[in-house]
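Data block below; observations after.
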Amino acid sequence: MKIEVISKSGNDLTKEPNITKLLGKKVLTKSGFILGNVKEVLFDQKSYSIDGIVAQKYPLFSKKIYIGKEYFQSISEKAVILSIEPAILFIGKKVVDSEGKVLGKAKEIIRQDNSNSVKEIVVKKFLRKSIRIKPSDVKLWGKSIILKDSFGK
């Protein structure tokens, strides 16, 4: 069915993504990790633009995550690709010093307000006191959190 267009923009409707088709599509982090699926698309009522999305991690009954548009790298009818690795994904990761010694697991990621900027990582090892690590002491964020040579010296 043909659509009658009433618009000054002259946009080609065949090339514009249909936002409703985003529901249920994948949300990928900067490195390609599948964060979950788009559950909701939120709009800014003043600018009539996307404000952010609500993604739900796997499995189905897990926590929902709101991600603001400032963290989108690209958006299409197939997926939303983020420009970040969400800091909350590092909870539960091993924290390793530069010599390979496991200091424990990241029990909490303390962020600057609701942003993705990390203020501190709280690391806990079984039957040990927790330690706090600054993001400036981190060499690599990946499957593990690897600390710089200078940590603890």
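The numbers here are math on the coordinates, done by the rules we state, and not lab data. What you are looking at is a predicted structure, and each value in this text was computed from that prediction instead of being measured. Note that each Cβ is placed from the backbone with ideal geometry, even for glycine, and that neighbours are counted across all protein chains shown.
Could you tell me whether segment 35-153 comes out rounded, prolate or oblate from its Cα gyration tensor? Rule is a ≥ b ≥ c as square roots of the eigenvalues, rounded for a/c under 1.5, then prolate if a/b exceeds b/c, otherwise oblate.
Prolate.
Could you work out the relative contact order of segment 31-123? I mean the mean sequence separation of Cα pairs under 8 Å and 6+ apart, divided by the number of residues, in percent.
Computed over segment 31-123, the figure is 15 percent.
Between V138 and residues 5 or more places away or on another chain, which pairs have amide H atoms under 5 Å apart, with H built 1.01 Å from N, and which residues are they?
Result for V138 returns K148.
Filter the trypsin sites (Lys or Arg not before Pro) in segment 43-125 down to the DSSP loop ones having no more than 10 other Cβ atoms within 10 Å, then list what survives.
Loop-located and lightly packed - K46, K63, K101.
With a cut-off of 8 Å between alpha carbons and a minimum separation of six or more residues, what is the relative contact order of segment 109-153 in percent?
Details: 51 pairs, mean separation 10.0, N = 45.
Rounded, it is 22 percent for segment 109-153.
What residues have an amide H closer than 5 Å to that of D51, excluding those fewer than 5 places away on the same chain, when H is modeled at 1.01 Å from N in the peptide plane?
L42, F43, D44
Rounded to the nearest 5, what is the percent of antiparallel bridges among the DSSP beta bridges in the chain?
Working: 33 of 38 bridges.
So the antiparallel bridges amount to about 85 percent of the total.
Give the longest segment of the chain that steers clear of chymotrypsin sites (Phe, Trp or Tyr not before Pro) in DSSP loops with at most 11 neighbouring Cβ atoms within 10 Å, not counting the sites themselves.
Numbers: sites that count: Y48, F61, F126.
Excluding the exposed sites themselves, the longest stretch runs over 62-125.
With θ taken as phi - 60° and the coefficients 6.51, -1.76 and 1.60, list the Karplus ³J(HN,Hα) couplings across segment 109-126 in order, rounded to whole Hz; mark glycine and proline as x.
Here the 3J(HN,Hα) series is 10, 8, 9, 6, 6, 9, 6, 8, 6, 8, 8, 7, 10, 9, 10, 10, 10, 3 Hz.
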